[in-house]
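A.B. asks: Mind looking over this structure? Questions follow.
The values are calculated or read from the model by the stated rules, or taken from the named source; none is laboratory data. Because the structure is predicted, anything quoted here is derived from the model rather than measured. For neighbour counting, all protein chains shown are included, and Cβ atoms are generated from backbone atoms with ideal geometry for every residue, glycine included.
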Amino acid sequence: MSTNAKNISIGVLSITAVILFVGIILVSSPAAQPAYAGNVSSYGGDFTVTIGRVTRDAELIYLVDNTTERLIVYGLQRKTGKCAILDQSELSQR
């Protein structure tokens, strides 16, 4: 094998090693943290809706009737899919 062929082989192997090393670094680097929405509210017409988490598997849905100024709180169990009214109150002090 000539000296020129050996140099080309060493160059190709070195470049391949660098490419594989960079690939390992990219794969093993920590991924970006996922984005989580928090305190999301929606206002539409006469109602305002927002959510809140009680536990890992239970969430609350707050529904405000803007015309009558009443609040209804629904509890939602994510495992069972059941929803029930937990609390009702008048927001206005008439």
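A.B. asks: Looking at the range 43-57, is at least one residue of a type outside the set (S, T, N, Q), in contact with a Lys or Arg (Cβ under 9 Å, 6 or more places away or on another chain), modelled with pLDDT under 90 and assigned to a loop (DSSP other than H, G, I, E, B)? Please lay out each step first, then the result.
C.D. replies: Of the residues in the range 43-57, the ones of a type outside the set (S, T, N, Q) are 43-47, 49, 51-54, 56-57.
With in contact with a Lys or Arg (Cβ under 9 Å, 6 or more places away or on another chain) added as a condition, the list becomes 56-57.
Pick out the ones that are also modelled with pLDDT under 90 and you get 56-57.
Still in the list and also assigned to a loop (DSSP other than H, G, I, E, B): 56-57.
Yes, the range 43-57 has at least one match.
A.B. asks: Got a number for residues in the range 77-91 being farther than 16 Å from Phe47 by Cβ and outside any strand (DSSP E or B)?
C.D. replies: Result for the range 77-91: 5.
A.B. asks: While we're here: Does Val27 satisfy the condition of being of a type in the set (A, V, I, L, M, F, W, C) and either modelled with pLDDT under 90 or within 18 Å of the chain's Cα centre (by Cα) (or both)? Working first, answer last.
C.D. replies: Details: of a type in the set (A, V, I, L, M, F, W, C): yes; either modelled with pLDDT under 90 or within 18 Å of the chain's Cα centre (by Cα) (or both): yes.
Here the answer is yes, as Val27 does meet what is asked.
A.B. asks: Also: When the range 58-76 is examined, which residues are found to be assigned to a loop (DSSP other than H, G, I, E, B) and in contact with a Ser or Thr (Cβ under 9 Å, 6 or more places away or on another chain)?
C.D. replies: As a first pass, look at the range 58-76 and keep what is assigned to a loop (DSSP other than H, G, I, E, B): 66-69.
Selection gives Asn66, Thr68, Glu69.
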